[in-house]
1. Collect the residues in the stretch 75-113 that are touching a His at 6+ places or on another chain (Cβ under 9 Å) and more than 16 Å from the ligand (Cβ to nearest atom), keeping them in residue-number order.
2. Every residue in the stretch 429-481 that is under 19 Å from ARG541 (Cβ atoms), away from the ligand (no atom under 16 Å from the Cβ) and among the aliphatic types (A, V, I, L, M), please.
3. Would you tally the residues in the stretch 225-248 being within 16 Å of the ligand (Cβ to nearest atom) and either aromatic (Phe, Trp, Tyr) or more than 13 Å from TYR196 (Cβ to Cβ) (or both)?
4. ASN707: in contact with a Lys or Arg (Cβ under 9 Å, 6 or more places away or on another chain) and within 30 Å of SER595 (Cα to Cα), yes or no?
5. Name the pairs whose Cβ atoms lie under 6 Å apart, with the first residue in the stretch 34-58 and not assigned by the TED database to the domain that holds GLU115, the second outside any loop (DSSP other than H, G, I, E, B) and of a type in the set (Gly, Ala, Ser), and 6 or more positions between them or separate chains?
6. Applying the selection to the stretch 507-544, what residues are part of a helix (DSSP H, G or I), in contact (Cβ under 8 Å) with a residue 40 or more places away in the chain and among the polar types (S, T, N, Q)?
7. Does SER373 satisfy being over 17 Å from VAL224 (Cβ atoms), modelled with pLDDT of 95 or more and touching a Lys or Arg at 6+ places or on another chain (Cβ under 7 Å)?
8. Among the listed residues GLU617, GLU611, GLU716, GLU672, identify the single one that is away from the ligand (no atom under 16 Å from the Cβ) and at pLDDT below 95.
Amino acid sequence: MAGTSLLEDTPESTDLTRWRLKSVGGEHWWTYLSQDDKQNSPQSFAEKSFLGLPVGNVALTPAATFLQSAQNGYQYFERMQLDDGHWACAYGGPSFLLPGIIFAMYITESPIPDEWRIEMIRYLAHTVNIDGGWGLHDAGDSTVFATVLYYVSLRILGCDIDHPLTRNARSCIRSFGGALGIPQWGKTWLACLNLYDWSGINPVPVEMWLLPDWIPFHPWRYWVQCRVVYLPISYLWTNRQSIPLDPLMKALRSEIYLEPYNTIIFSRNRDNVSRRDCKRRPSWLLWLFNQILWVWVLYLRPHRLVQNANRKVTELIKREDQNTDYNCIAPVNKALHMVCLRYLEGIDSVELNQHRQHLGSYLWMDKDGMTCSGTNGVQVWDTAFCIQAIAAGGLHQKVEFRASLENALGYLDISQITEDLEDPYRQIRKGGWPFSTKSNGYIVSDCSAESLKAVLILQSSGFPQLISDGRLQDCVDSLLEMQNPNGGFGTYEKTRASSLLEFFNPADVFERIMVEYSYPECTSAVVTALSTFRKHFPQYRRQEVHNSIRHGVEYIKRDRRRDGSWYGSWAICFTYATFFSLQALESVGETYQNSEFVQKSCKWLLGKQMEDGGWGEHFSSCEENMYINSSNSQVVNTAWAVLGLMYAGCPDRKAIERGLKLIQSRQQKSGEWLQEDIEGVFNRTCMIGYPNYKYYFPIWALGYYSNVYEPTINHEG
Ligand code: LAN
């Protein structure tokens, strides 16, 4: 159902030949040139390709070997590299991000440029489901959450009530029982817009930030993505910040509910979450906790305490803004910060202007319109993997690829975080790498690990020594600090509180968001990186590195399922995590040849190979917690599976070659691969796209084959 457009008419579009992608220090944003300027700056290959415009592809010499296929793949992908060395991409999927940006702009009276407006509407026309609604993510069935937020967005963007998109969405909302059953984050946005009453949202009091830090459930202990969202929400909730009612909002009040607005008793809808939205029934503990909180906030708490807490929260909001150069960690808290600043500093404030300037880096324009990315890009992550993919087949030694790889190394050089923060709630970060840009400011365990590997590979094979030994050692120092007592690694930080806090997860639509967990993917990335690092620096913190690897491996082994697979949390799904885990085991010398443990995982992978030689995993694997085949094999899943088998040293060469042939058969004459199903996920329920995976993981698999087997064999036939 998802993605089938209801619209007979093609929605209005801008002139796609006028869009350009600017990039400075990795921060990238799309601009819309005037007709005159357009003539002076021709569109690049990457720009045309993102926008679906003809690129004048040349047919490459057909590949006779897997390695040549890899090479052809990179000949295409290389052309997509931006001048500052990184690769950009659409990073869309989730449906609750774009509305946040639109609402924040509306609330802060920031004009929405016409070209954005037109393209956002076009994006929504492209992704609407047959029933007129939208899902939690582009591929999902319609929910109240997404449909109401997008409906309000469309109205703000200028669609009137008779526009086909709004008309259909409205009847969809009505058939779902109206907007009252929207989950908590949706209720919050509606309340900010004065379309819902704050009394209908369970308490998120600012005072929680005044608790002593040692308290086991103090918010500083939450998973960083969760704490940064509830920080501005606590300010908005406590201070009941809604914009004044204007004619549009007045109209919307009568459009999104079944009953007249004034007759709704919002306080009775605090726990009302539509069945189609609710992924996680709130626990009775949360319910009880909320009742206690209501008594506290309504009758007990002293006013002075609220004032103090407001001060503290304001300080924390501003600190996050400064630490991230007004990008914030992700678009959800960025949008909410903007709303807070309207009240804290005013719509003309310097701070709000800073935020406005960085809005563009979250908005991605492509052939289907404009949407909001999950972060301000995937720059470091994609660049680090791309380098490793090329090197897997030794292609980094080829002169023709040297310049582009030097450029990629240059990007990793400028995006490494080189100093720590004076901030008690932030851990050390010096030497680590973020997911996107340096200005994002947060290092991630696996982004640091993948970048460290990429730098070590290039700098040890004759590339310029851009990053000093000391800086690489700093990265290891930060990584060692991030290991959890169970041996595993989380994403941004060490686990700071018990997973029991999950009973208090108020978000209805996401699972496992309250605290950091250890993940096999992140742990494997770090284990592999430390194993590589110690080959180059055998003496550096020798014992600690050794112990960290050992504990990491123990965690990875413990985390495996009985059937031999690993559950992946950041991409779909078991093939992803199994690839990483087998790679980590190989890095410490554990392979099919000497380990029954590895043999079992190979058997599991082989058991999932499809008739056509490929692998294909459906996104519902993530939610259902078990392997579910997609209807067709996918190049990305196939690449992970064969990579897993090859790292494991699986002797079933035929199966591996069948997988690689499938990948080869999907390669276009230009060297590229076409987009297939969505690749990524977060919090078990929300899918997110990693469009560059379809380039570098196949390249990696095809190239790596020549590393494992004889490179000279002709694989045709
Ligand atoms: C990401 C994107 C990258 C991802 C990997 C590096 C792939 C992973 O291995 C570690 C976790 C990380 C960094 C990650 C965490 C959660 C993010 C930031 C996202 C999936 C992108 C969007 C998502 C963010 C939480 C979206 C906002 C939603 C909330 C529930 C707060």
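The values are calculated or read from the model by the stated rules, or taken from the named source; none is laboratory data. As the structure is a prediction and not an experimental result, all values here were calculated from the model. Don't worry about glycine lacking a Cβ; one is built from the backbone with ideal geometry, like all the others, and counts go over all protein chains shown.
1. LEU82, ASP84, THR108, SER110
2. Selection gives VAL455, LEU456, ILE467, LEU472, VAL476, LEU480.
3. Going through the stretch 225-248 one residue at a time, the tally reaches 10.
4. Criteria not met by ASN707.
5. VAL55/SER49
6. Scanning the stretch 507-544 gives THR523, SER524, THR528, SER531, THR532.
7. Criteria not met by SER373.
8. Being away from the ligand (no atom under 16 Å from the Cβ) and at pLDDT below 95 holds for just one of GLU617, GLU611, GLU716, GLU672, which is GLU716.
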